[in-house]
Structure formats: structure tokens, C-alpha cells
1. Where does helix 258-278 land angle-wise versus the long Cα axis of the chain, in degrees 0 to 90, nearest 10?
2. Quick one: if you stick a label point 7 Å off each Cα along the C-beta vector at residue 289 and residue 70, how many nm between them?
3. Where in region 186-263 are there GluC sites (Glu not before Pro) that are in a DSSP coil and have at most 14 other Cβ atoms within 10 angstrom of their Cβ?
4. Note the angle between two axes, namely the Cα long axis of helix 116-183 and the longest principal axis of the Cα atoms of the chain, as a number of degrees from 0 to 90, rounded to the nearest 10.
5. Calculated FRET efficiency, residue 336 and residue 55, Cβ-Cβ r, R0 51 Å, to nearest 0.05?
6. Among 37, 223, 166, which comes first, then next, by fewest other beta-carbon atoms within 10 Å?
7. Around residue 98, with a cut-off of 14 angstrom between Cβ atoms, what is the net charge of the other residues, counting Lys and Arg +1 and Asp and Glu -1?
8. Please tell me which of these pairs span more than 18 angstrom C-alpha to C-alpha: 116/279; 267/424; 267/321; 34/147; 122/266?
Amino acid sequence: MKRLLLFLVYFGVCFGVCFGSLLPAAGAEELIRKGEMLDLQRCIAIALSRHPSIQAAAGTLRAGESRIGQARSGYYPQLNGSVGYSRTDPTTSAGQAYDSYSSSVSLSQNLYDFGKTSTQVKIQELNRDSSRSDLDNIRTQVSFGVKQAYFGLLQAGRNRGVSREMVGQFQQHLDQAGAFFEVGTKPKFDVTKAEVDLSNAKLNLIKAENAFRLARVALNNAMGLPEAPDYEVADQLSSQRVEIDLEETIRKAYDRRPDLKAIAVKKQSLEQSIELARKGYYPSVTGNAGYGWGGGSFPLDQGWSFGAQLDVPLFSGFLTKYQVAEAQANLEVLAANEALLRQTIDQDVKQAWLNLQEAADRGVAAELIVRQAAENLELANGRYASGVGSPIEVTDALVAASNAKMSQISALYDYKLAQSSLEKAAGEP
């Protein structure tokens, strides 16, 4: 039998080690299929269901709900039972050893405590509400993190596309310079210059490829799925300018920000804590009853008792006084933190709003620069093909076109990020 138990334990340990590590990957495969196309809302939904910080905040909320039940236990009677046995052997020579048995059941009930229990329940209910607001705040932060990583991946993908395009264009220029050199219309310098430019373009492509991989890792972690399989993301990196009223957004932020709501609830909880501390000056009344058996031999003698007890705090070394002072000081600290948070909210909204306007204006300018750079590149290629242009002119035009496209991509990313920051600052989910 012992060997069988050892075998079962060993098998259980081996099963946990061998297959336990496969569970997270299986969970990721269930959420995301390999090669699946994900949009922003899908990524946010995955993060809200899997991110560890949300799970931790949800656990804190459940713990707060349990503390409400603990506080309510003061309303109910307390029933206890005890059983005892002792054997006594006197040290005197005339004494004889004897046994003693005892058992009892006791009941106590809080009759009146001047609202101490009800105040404790209110405090725990307010703490639970504060934890719920904290959970909403964590969800908002997680959603913003996903948006930031999602648009970062789109930016990295577009930058990689520009780098690939540059490699192709420099390769085409190298082929053209080589052909001109073969027929003797261009010097060797043109070929060498084109080779150097192509090598630099390939180096930039390597960096862009790595930036794309890093951006995917960032999105996986933002979703809470670091082991996610390969997937595609829908390109939602576009700017559609929307006029937003700044003052109205600030007002909404004060009404909807979950962190501000959490502080407001915590203030109510601290106010109740002050009341609870002051109730330490008041007495409490407790009713009790008991029934027991005892004696040195069976059958045991029986007995019962009941009564009430009034506990009056006469002097506790100024404990209640300092508990009240502590609660009042904590309330003052929280009030100052609330004022600071309101200032931070005002700054966050204004900063995001200004960044949104700047990114929108920059996007319009970048779009024009992209068209101008494309026209300049076309002219430079035409001049070189006709034999009147230089390779440096072509290189400058290619680099200018690449920089213009990446500036436009950066403006689109900054617009989306500013839009997401404004939503977060305004307390939108």
C-alpha cells in the first residue's frame, strides 16, 4: 500500500512538471489562432481577460468583499465548545492521584456596541467600492498599454515596408549605374557609390526588422500573452481629425476618472474610520450563556449559566485619542492627494489635447512633403537616366523620400497615441 501511494505521488509530480508548462501555450492557442488577423478591439478584449494586473486587482476586490463578511460576523452570536481532561498526582504522601473531566458549550451575543459593528461594515463596503474603482483604473491602463503597443507595431511594420522599398530602389539604382558603367557612360564612382548606398539601406532594413519583432513582443506582453503564436494585425494607423472641446473633456474627466472615484470613496471610508475610532470612548453590552459538564468520574455533573456584561473603557493610555488623530491625519493626506490628482488630470487632458492637435497638423504637412519628395525623386531618376544627373543627387532624393514617408508614419502614430492618451486622461474605457 505504501509503495502504491509513493507511486501515485511520483506520477502526480511528473505529470505536473511535464504537462503543466503546456497549459499557458494551449490557452494562448485557444485565444489566438496562428495566422489570425487581429484588430485593436480584439487585442484589448484579450488583455482584459488575461492580463496579470487585472487578475490581481480582481483578487483584491474579492478579498474586499470577504472583509465585508468578516465585519458582519459581529452581528451574529458566537458559539464555542471545549473539552478537557487532566490527571493530578499530589506531591504529598497522603494524597491520591485523580482524574478530572470537563466539557462546555458557551454562547455570546453582542447586544449593543454604539454602532461599532455597523461602522466597520460601512468601512469595508467603502473599501470594496474603492477596490472596484481601482480595478476600473487598471483596466483603463491596460487598454491604453495595448493601444500604445498596437499602434507601435503598425508603425514598425510600415517603417519596415519603407526600408524594404528603399533596398529595392537602391538595388535598382545600382543595376542602372552598373549598366551605364559597362557601356562607358558613367564612371566607376557611380557603381561604388550605389553599392555603399545599398549596403546602408540593407543595414537600416535589419534594424527595422528587429524593431518590428520587438514591437510584436511588446504587444504580446501588453495583452498578457507573451507566448502568443504568430498573428497579423489590421492596419488601423490612419488619422481622421476630430474636433474635441477641451473644457468639456476636462469636465468629463473629473466625472469619469476611476482613480479619482477611488480617492473619493477612500475619503468616505476614512471619515467612517474617524467615527469608528471615536466609538472607542463608548461602552459595549454583551450577553452570554453557557452549559457544561465536569467532575472526576462518570456520570459528570452538569451546570449552566447566563448573564450580561457591560464593558466600559475607563482608561486605555490615550489609545482612542491617538487613533482618532491618526485617522484625521490620514484623511488630510488623502485630501491633498485628491487635489494633486485633479491637477494631474487637468495636465494630462491638456497635454494629450495639444499633442493631438500638433500631430494632426504635422500629418497634413508630412503628406505634402511625401508628395514633394516623390516628385523630386522622379526628377532625380530622370536626370540620371538621361545622363545629366549625379548619383549623389539620386541618393539625396531617395533618402529624402524615405525620411518623408517615415515622418508621415510617425505623425500618424503620434496622432493615434495622443488620441488614446486623451481617452485615457478623460476616463474613457
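1. 20
2. Output for this residue pair reads 3.0 nm.
3. Those that pass, being in a loop and sparsely packed, are 227, 243.
4. It works out to around 20 degrees.
5. 0.95
6. 37, 166, 223
7. -1
8. Violating the 18 Å limit, Cα to Cα: 267/424; 267/321; 34/147.
Each value in this text was obtained by applying a stated rule to the coordinates, not by laboratory testing. In this text the structure is predicted, and so the values were computed from the model without any measurement. Cβ coordinates were reconstructed from backbone atoms using ideal geometry, including for glycine residues, and neighbour counts include every protein chain displayed.
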